[in-house]
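The values are calculated or read from the model by the stated rules, or taken from the named source; none is laboratory data. This is a predicted model, so every value here is computed, not measured. Using ideal geometry, Cβ is built from the backbone for each residue, glycine included, and neighbour counts are taken over all protein chains shown.
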């Protein structure tokens, strides 16, 4: 139910509205009442409301002044004005403040009921927009968005589904989005998939729901074929949940399976390991321009280890996922697509050669890869991010990522991470003279103040306090 604040100076009218609100529209409840605008302002400072019902003329702060105050804080919350004065100036002032509706007293219950229903629809749409933005940010790892979503769902266990058209299907994401809306409470479009927030993380329940929804949708759209990866949603780490669902979706697309959830079967785990190994080998060989005929033949032999029915989708999944010149990737994908599933074994190695030949004229993607690594580290250096976890996120091996850092940055992974942390620590010490040393340490990824102080001194040959004092003296002399 949506929470309403009723602001009315007449006792009988205020009590009437509070008692009748839910009866007039079951979607609303009278969460609080106030006798004037100032009392309402006090309540708004401590409580959250979905809508406001207010009189116009009240002692102290009237309805127009209250609406003006609310609009400074919230441009969208619906405000329903109830007035005993059919005066143009009041109505014009209210409309300028974007009030939802302006009803005259004595109250017509049918009119009020209709207005409340329309307000409920507006609140629902607003919450959906807000929820979709929060879900998108949560899946990107935004802690505030994760916390807001967890609060919205009262901390209940939820799941996240990622859906994409099968590689054998040409349906658009719009068609898939319509189906996905029946799987959960929030649905958002991503560049190549649709994400759904589900009310349960239970694999059996989600599998049943998915197949029932797909079956109903296929009654009207029999050509629809899609794949889905599903994982429990960790309210504390939305990014890891997204990565797990994305990994399962990638495997589902490659094996052309409708849905994959954990735990995987032994055979599926073996396919997952084989597929990830192929993806990393292809990526590293493209980056190094080492995609020779022998290596293409080796990847073709590995493809043959997959079931015959899955080889076409495995080939497309690998080509879709690699970081390569876009023209080369599109040409190789077209070759596989035009040849069809029956000829994939013959065309896969040719597509790989095409990928290497066309991509060789373009700048090597090594710089792009190391830039992506740097971007991730600069955004998350305060977290417990390891070389292995970063390599996994970039779909390359830790050893290869380590070699890239040495070659491109002239630093090891650990040295670059330490550089980011120490430079940020120094900045914080100088920008805020009142900040505690342990607070700086925690902010840059050192839970132990003693460890932070030791590392800082090793890096700058000064203690944090000495560094701050010396630079403060230097600034004063300047």
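Are any residues in the range 436-450 exposed (fewer than 14 other Cβ atoms within 10 Å of the Cβ) and either touching a strand residue (DSSP E or B) at 6+ places or on another chain (Cβ under 8 Å) or modelled with pLDDT under 90 (or both), and if so, which ones?
Answer for the range 436-450, where residues must be exposed (fewer than 14 other Cβ atoms within 10 Å of the Cβ) and either touching a strand residue (DSSP E or B) at 6+ places or on another chain (Cβ under 8 Å) or modelled with pLDDT under 90 (or both): 447, 448, 450.
Yes or no, residue by residue, for (1) modelled with pLDDT under 80; (2) assigned by TED's automatic domain parsing to the domain that holds residue 276; (3) out of contact with any helix residue (DSSP H, G or I) (no Cβ under 6 Å at 6 or more places or on another chain); (4) assigned to a helix (DSSP H, G or I):
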residue	(1), (2), (3), (4)
350	no, yes, yes, yes
356	yes, yes, yes, yes
389	no, no, yes, yes
403	yes, no, yes, yes
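Of all residues being touching a strand residue (DSSP E or B) at 6+ places or on another chain (Cβ under 6 Å) and without any contact (Cβ under 8 Å) to a residue 24 or more places away in the chain in the range 1-44, which is farthest from residue 118 (Cα to Cα)? Just the residue, please.
14
Any residue at all in the range 106-113 that is in contact with a strand residue (DSSP E or B) (Cβ under 9 Å, 6 or more places away or on another chain), part of a helix (DSSP H, G or I) and at negative phi? Quick ask: steps written out before the conclusion?
Going residue by residue through the range 106-113, those that are in contact with a strand residue (DSSP E or B) (Cβ under 9 Å, 6 or more places away or on another chain) are 107, 111-112.
Next cut, part of a helix (DSSP H, G or I) only: 111-112.
Checking which are at negative phi leaves us with 111-112.
Yes, some residue in the range 106-113 is in contact with a strand residue (DSSP E or B) (Cβ under 9 Å, 6 or more places away or on another chain), part of a helix (DSSP H, G or I) and at negative phi.
Scan the range 404-435 residue by residue and report those that are surrounded by 15 or more Cβ atoms within 10 Å (Cβ to Cβ) and under 20 Å from residue 368 (Cα atoms).
Result: 404, 405, 408, 409, 413, 416, 417, 420.
Can you find a residue in the range 465-478 that is outside the structural domain of residue 282 (by TED's automatic domain parsing), over 30 Å from residue 284 (Cα atoms), buried (at least 17 other Cβ atoms within 10 Å of the Cβ) and at pLDDT 90 or above?
Within the range 465-478 (the criterion being outside the structural domain of residue 282 (by TED's automatic domain parsing), over 30 Å from residue 284 (Cα atoms), buried (at least 17 other Cβ atoms within 10 Å of the Cβ) and at pLDDT 90 or above), the answer is no, since none of the residues qualifies.
For residue 462, are the conditions met, namely being touching a helix residue (DSSP H, G or I) at 6+ places or on another chain (Cβ under 9 Å), over 30 Å from residue 284 (Cβ atoms) and outside the structural domain of residue 321 (by TED's automatic domain parsing)? So that I can check it myself, show each step before the final result.
Values: touching a helix residue (DSSP H, G or I) at 6+ places or on another chain (Cβ under 9 Å): yes; over 30 Å from residue 284 (Cβ atoms): yes; outside the structural domain of residue 321 (by TED's automatic domain parsing): yes.
Yes, satisfied.
Look at the range 421-447 and say how many of its residues are under 17 Å from residue 458 (Cα atoms) and in contact with a helix residue (DSSP H, G or I) (Cβ under 6 Å, 6 or more places away or on another chain).
Selection size over the range 421-447: 10.
Among what's in the range 68-92 and is at pLDDT 85 or above and in contact with a strand residue (DSSP E or B) (Cβ under 6 Å, 6 or more places away or on another chain), pick the residue that is farthest from residue 108 (Cα to Cα).
It comes out as 78.
Quick one: which of 293, 251, 333, 264 is at pLDDT below 90 and closer than 26 Å to residue 199 by Cα? First the steps, then the outcome.
Details: 293 fails: closer than 26 Å to residue 199 by Cα; 251 fails: at pLDDT below 90; 333 fails: closer than 26 Å to residue 199 by Cα.
Within the list 293, 251, 333, 264, the selection yields 264.
For the range 285-305, which residues satisfy the criterion of being closer than 26 Å to residue 267 by Cβ and free of Cβ contacts under 8 Å to residues at least 40 places away in the same chain? Give the steps one after another, and end with the answer.
Taking the range 285-305 first, the residues closer than 26 Å to residue 267 by Cβ are 297-305.
Selection gives 298, 301, 302, 305.
Can you say whether residue 114 is under 27 Å from residue 79 (Cα atoms) and without any contact (Cβ under 8 Å) to a residue 12 or more places away in the chain, as far as the supplied structure shows?
On the way: under 27 Å from residue 79 (Cα atoms): yes; without any contact (Cβ under 8 Å) to a residue 12 or more places away in the chain: yes.
Yes: the conditions hold for residue 114.
Filter the range 235-247 for residues that are touching a residue at least 60 places away in the same chain (Cβ under 8 Å) and under 20 Å from residue 167 (Cα atoms) and give the result.
245, 246
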